[in-house]
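Just so it is clear, none of the values below were taken in a lab; they were calculated from the coordinates. All of these numbers come straight from a predicted model, not from anything done at the bench. Cβ sites come from the backbone with ideal geometry, for glycine too, and all protein chains shown count toward neighbours.
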Amino acid sequence: MAILINRTNHAIFFGSTMLVPARPTEVVGKLTDIKKQYPGIASAMTKGLIESVTAKAAAEALSELASKTLEEIQAYAKEKGID
């Protein structure tokens, strides 16, 4: 299992997985296998558009998202160009 965070302003789909911007997502399989099967994901990781994180970092990111108000989330989305 790997935990990935999408650092772009749009959802990224691969296989049956959807990476939502700024939200940590657990993905099934080894990261090396995922990169082999999905070269676009490997490329995005090399460019820093997708990041692999630890469980602790993922929990902190989720906590930060959960603490935001609707207005803060809307402002973040507007700033990042997220619909």
> Helix 55-66 sits at what angle to the longest principal axis of the chain, using alpha carbons and giving 0 to 90 degrees rounded to 10?
Replying inline: 30
> Roughly what would the spin-label model give for residue 49 and residue 23, points 7 Å off Cα along C-beta, in nm?
Replying inline: 2.0
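About its Cα centre, how strong a charge dipole does the chain have in debye, to the nearest 20, once Lys and Arg get +1 and Asp and Glu get -1 at the Cβ? It would help to have the intermediate numbers written out before the result.
Numbers: 10 positive and 9 negative charges, 69 e Å.
It works out to roughly 340 debye.
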> Which residue, chosen from 65, 77, 4, occupies the Cα position most advanced towards the positive end of the dipole of the chain, where the dipole is computed from +1 (Lys, Arg) and -1 (Asp, Glu) charges on Cβ about the Cα centre?
Replying inline: 4
> Along the charge dipole of the chain, Cβ charges K/R +1 and D/E -1, which of 16, 55, 39 sits furthest on the positive end?
Replying inline: 39
> When only C-alpha pairs under 8 Å and at least 6 residues apart count, what is the relative contact order of segment 2-80, in percent?
Replying inline: 33
> Which entry is the computed mean projected area of the Cα convex hull in nm² for this structure: (i) 4.9; (ii) 5.5; (iii) 12.9?
Replying inline: (ii)
